[in-house]
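*Asks:* Next up is a structure, given as structure tokens.
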Amino acid sequence: MAAREAIAAALCRLPDGFYELLYAGRRTSRDGRRLDARAQFIAALIAKTGTPLAEETVAGARAQIEAVAALLGGPAEELASVTDDDIDVGGRNLAIRHYRPKRDAGDGGPCPALLYFHGGGFIRGSLDSHDHLCRSLAARSGADVISVAYRLAPEHRFPAAVDDALAAWTWLVGHAGERGLDPARLAVGGDSSGGNLAAVLCQDIRAAGLAAPVFQLLIYPVTDARFEARSHTTFGDGFVLTAERMRWYRDHYLARPEEMDDPRASPLRATDFGGLPPALVITAGFDPLIDEGEAYAEALAAAGVEIAVRRFDGMVHGFMSMPGAFRDAGAAIDDAAASLRSALVPDRPGG
């Protein structure tokens, strides 16, 4: 780790009291919510040291998400095994990482699993950048987690990632048995752009009449590519993820403006939400995406879908990937794991 990165990591891991004292009397508040003091410090640090968007490159953005994961991901949770593999989906390969949690000797039989799609604005992110989060979800839920390295833009624009998500699901259902998984106890999930892919996947599965997941985990998901929700203005600058950067991601992902209205890019713009799997939607209070994430939850609820929403008022976008900095990251992972246990492992304590 470079000296500069080590210093940045150390500055982000000081005791809570340091940040509370640093911002005493000048904590940021909006919409009746107060920004976590550590989050305020990290947001200011990123704004001061990050690459200006006018100078940003795709390669630089990709390196940055990997660096943040290494600095703030926290210690890795122990599992029974973690294996990398390539799967054949229609003549092309997708890389996956399969996480198996430790289980009691009496826990025989096929296991439940979560198919997970990482975030990163559709242009960045990897199996490595979300390794800690996937490990934690597996360890705490008791379900296997299969993380998918879908194709990224701008090399592969919309709908390549969406097609990969459906292909990965079809593969998982067809190969569950040989991997020791129960095809009747499969869930899908993702964060940010990965949350978008998970939401779109559930709609695509319903449209195709395929075997459906029993649950969807949507972590601060992108649900409307037009970015017209009020939170894109209210929280659009100064809170790690900016509205301007979201547009930059979108412009690399979508090839044509009319694609913003396609439900496969903007699942909130679908006309029918009935019959979709039960969901947990997790949002952050100081996130440009909070309104569209919670609007998607409302659309599901209005269609009769079982839905739970957990908002972390003082947090910023991406906080669940930074448990080395944020205590709320652990709490959010616990919430997600508990929901997965309830849906997939109902006979387990906490389910």
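*Asks:* Please go through (1) closer than 17 Å to Gly119 by Cβ; (2) part of a loop (DSSP other than H, G, I, E, B) for Arg264 and return the number of the only condition it doesn't satisfy.
*Replies:* Exception for Arg264: condition (1).
*Asks:* Can you tell me which residues in region 277-288 are in a loop (DSSP other than H, G, I, E, B) and either within 13 Å of the chain's Cα centre (by Cα) or under 21 Å from Ala243 (Cβ atoms) (or both)?
*Replies:* Those that are in a loop (DSSP other than H, G, I, E, B) and either within 13 Å of the chain's Cα centre (by Cα) or under 21 Å from Ala243 (Cβ atoms) (or both): Asp287, Pro288.
*Asks:* Sort through Asp313, Asp291, Asp334, Asp328 and tell me the only one that's in a helix (DSSP H, G or I), surrounded by fewer than 18 Cβ atoms within 10 Å (Cβ to Cβ) and not small (Gly, Ala, Ser).
*Replies:* Unique residue meeting the criteria: Asp334.
*Asks:* Testing Gly314 on (1) within 17 Å of the chain's Cα centre (by Cα); (2) over 18 Å from Glu228 (Cα atoms), one condition comes back false. Which one is that?
*Replies:* The number of the failed condition is (1).
*Asks:* So which helices (runs of 4 or more DSSP H) stay within region 139-258 end to end and still have 2 or more residues that are at pLDDT 95 or above, touching a strand residue (DSSP E or B) at 6+ places or on another chain (Cβ under 9 Å) and surrounded by fewer than 18 Cβ atoms within 10 Å (Cβ to Cβ)?
*Replies:* Once the helices (runs of 4 or more DSSP H) in region 139-258 are filtered for at least 2 residues that are at pLDDT 95 or above, touching a strand residue (DSSP E or B) at 6+ places or on another chain (Cβ under 9 Å) and surrounded by fewer than 18 Cβ atoms within 10 Å (Cβ to Cβ), what remains is 160-175.
*Asks:* Next question, about the same structure. Please specify each residue of region 13-41 satisfying the condition of being hydrophobic (A, V, I, L, M, F, W, C) and within 23 Å of Gly236 (Cβ to Cβ).
*Replies:* Leu35, Ala37, Ala39, Phe41, listed by residue number.
*Asks:* Would you please list the contacts, defined by Cβ atoms under 6 Å and residues six or more apart or on different chains, that run from a residue in region 312-332 that is over 20 Å from Ser29 (Cα atoms) to a residue that is small (Gly, Ala, Ser) and at pLDDT 95 or above?
*Replies:* Close Cβ pairs (under 6 Å, with a partner that is small (Gly, Ala, Ser) and at pLDDT 95 or above) amount to Met320/Ala329; Met320/Ala332; Met322/Ala329; Pro323/Ala329; Pro323/Gly330.
*Asks:* Kindly indicate the residue of region 79-107 that is at pLDDT 95 or above and among the small types (Gly, Ala, Ser) and also surrounded by the most Cβ atoms within 10 Å (Cβ to Cβ) among those meeting that condition.
*Replies:* The extreme case among them is Ala95.
*Asks:* Checking Ile7 against (1) in a helix (DSSP H, G or I); (2) modelled with pLDDT of 90 or more; (3) not basic (Lys, Arg): exactly one of these is not met. Which one?
*Replies:* It is condition (2) that Ile7 fails.
*Asks:* With respect to Gly194, determine if the residue is more than 15 Å from Arg264 (Cα to Cα) and within 14 Å of the chain's Cα centre (by Cα).
*Replies:* Here the answer is no, as Gly194 does not meet what is asked.
*Asks:* Additional query: Give the residue, chosen from Leu53, Leu45, Leu35, Leu71, that is at pLDDT 95 or above and surrounded by 10 or more Cβ atoms within 10 Å (Cβ to Cβ).
*Replies:* Leu35
The values are calculated or read from the model by the stated rules, or taken from the named source; none is laboratory data. Bear in mind the structure is a predicted one, so any value in this text is a computation, not a measurement. Don't worry about glycine lacking a Cβ; one is built from the backbone with ideal geometry, like all the others, and counts go over all protein chains shown.
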